[in-house]
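In what follows, a single structure is set out as structure tokens and then discussed.
The values are calculated or read from the model by the stated rules, or taken from the named source; none is laboratory data. Owing to the predicted nature of the structure, the values given are computational and were not obtained by experimental measurement. With ideal geometry, Cβ positions are generated from the backbone for all residues, glycine too; neighbour counts draw on all protein chains shown.
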Amino acid sequence: MANTKSAAKALRSSGRKRLQNKSVKTALHSIEKRFLSLIAEGKKDDATKLFPEVSSALDKAAKRGVIHANHASRQKSRSAVRLAKVAAPAAAAK
């Protein structure tokens with residue numbers, strides 16, 4: 001229980017922000033999971049189409065302060081590397 005009016009207001013505000021951040025993070029995890037499953041299945045074309053969406057979602061979450069900018073950058077980099085690994089064997093096979 002908050003001791004002051006400002007603490008009570010901060011509690012309400014942080015509760016709203018927590019719910020909003022949770023929904024953004026859940027959506028982010030879902031799109032990342034879909035991207036990783038496409039890579040695991042070797043669906044290079046679908047993963048390539050989804051990569052800009054993943055990248056954009058990470059950037060938006062970082063811009064809104066849901067995740068740290070460095071975290072978004074690191075995730076985008078790792079996703080790009082994974083996508084390149086899937087694309088490279090296909091190119092070498094041709």
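Summary of computed values
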| read-out | value |
| --- | --- |
| First in the stretch 77-89 and farther than 14 Å from GLU41 by Cβ, second anywhere and small (Gly, Ala, Ser), Cβ under 6 Å, 6 or more apart | none |
| First in the stretch 13-25 and closer than 18 Å to ALA69 by Cα and hydrophobic (A, V, I, L, M, F, W, C), second anywhere and modelled with pLDDT of 95 or more and assigned to a helix (DSSP H, G or I), Cβ under 6 Å, 6 or more apart | VAL24/ALA61 |
| Tally, over the stretch 33-88, of residues that are of a type in the set (A, V, I, L, M) and either within 30 Å of ARG16 (Cβ to Cβ) or in contact with a Gly (Cβ under 6 Å, 6 or more places away or on another chain) (or both) | 9 |
| Selection count where residues are in a helix (DSSP H, G or I) and under 14 Å from LEU28 (Cα atoms), scope the stretch 38-68 | 14 |
